[in-house]
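Asker: First the structure, then my questions, so here it is.
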Amino acid sequence: MAFGCLNRRLRSAVDKARPFVEAPPVDARSSDLKTGVVNMPAIRQQYGPNFGVSVIPYRMPAAHGGSPILQR
């Protein structure tokens, strides 16, 4: 009987500390963003000519002359 009372008290303490979140579990039908899977076409596009060569994503060189909005 004492163990049953202790279990009920501990269960209520756990339920208070861990709120219930109504989110579906991560499974095989989950999106790549939720599971952390790499999307290779997106990585190839992001890295451009640096893909497979460098860990730094490709950035196009800056155009000469700056922004026409900022020039007066």
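Asker: Give just the number: which of (1) among the aliphatic types (A, V, I, L, M); (2) in a helix (DSSP H, G or I); (3) at pLDDT 80 or above does residue 33 not satisfy?
Answerer: Among (1) among the aliphatic types (A, V, I, L, M); (2) in a helix (DSSP H, G or I); (3) at pLDDT 80 or above, residue 33 violates only (3).
Asker: Name the residues in segment 25-52 that are exposed (fewer than 10 other Cβ atoms within 10 Å of the Cβ) and of a type in the set (Val, Ile, Thr), would you? Give the derivation first.
Answerer: Here is the first cut: in segment 25-52, the ones exposed (fewer than 10 other Cβ atoms within 10 Å of the Cβ) are 25, 27-29, 31, 33, 36, 38, 40-41, 49, 52.
Within segment 25-52, 38 is the sole residue that qualifies.
The values are calculated or read from the model by the stated rules, or taken from the named source; none is laboratory data. In this text, all values refer to a predicted model and were calculated from it rather than measured experimentally. Cβ atoms come from the backbone with ideal geometry, glycine included; neighbour counts cover every protein chain shown.
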